[in-house]
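I have placed the structure first, in the form of structure tokens, so that the comments after it can refer back to it.
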Amino acid sequence: MRLYTLTGATALEDPEFGKYEADEQGGFDFPNELSSRLHSFHVGGKPAWEDDIERQRRLMTEELERRKDPATLLDAVQQIVMAAQNVAAGQQTSPPADVGDGDASAPIGDAEGDGDGQGEDTEGAGVDGDQGDGDGDQADAEDTGGDKATADTPAPATKAAKKTAKGKPSK
């Protein structure tokens, strides 16, 4: 029978049955005769050993009492509220998934939209995520043929529009 100590013992040596050590959960697997004898042993009127059922009952009771504590309940509710606020804040600050450039054939990570799979150098790029010359409000004049795009029109959308205007269909 499997027993768990209530005294904190990690090993037990019995002259008749030998030496036993606790497993990772703190339980001991004893022969039935030894288990019966140890299970009936009490210290100061309290049991020194418990079986699986008694242990489960004790742990559930302790958990229920812990959950009834108002301070514990308040902490749990505050953690849930903070997690919900973090999720909501993360959704509000994330950029839109589709910028609407119509170039679905560009490989993922191809900020230029030219199909080479390489985005432009973003060192010094502006705060608004402009992949152009890094000034944050204009597209690279070299890529757009001298036209300046506004912050509302990203450089890849302007390039895709020029491809379509030249007679090359957008992929």
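Read-outs: derived from the displayed coordinates by stated rules, not from any lab. Everything quoted here is computed from the prediction, not taken from an experiment. Cβ placement follows ideal geometry from the backbone for every residue including glycine, while neighbour counts extend to all protein chains displayed.
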Which of the numbered conditions does Gln56 fail, given that it passes all the others? Conditions: (1) over 32 Å from the mean Cα position of the chain (by Cα); (2) surrounded by 11 or more Cβ atoms within 10 Å (Cβ to Cβ).
(1)
Looking only at region 1-17, which residues are surrounded by 11 or more Cβ atoms within 10 Å (Cβ to Cβ) and not in a strand (DSSP E or B)?
Met1, Leu6, Ala9, Phe17
In region 24-40, anything surrounded by 10 or more Cβ atoms within 10 Å (Cβ to Cβ) and closer than 20 Å to Arg57 by Cα is listed as Gly26, Gly27, Phe28, Asp29, Ser35, Ser36, Leu38, His39, Ser40
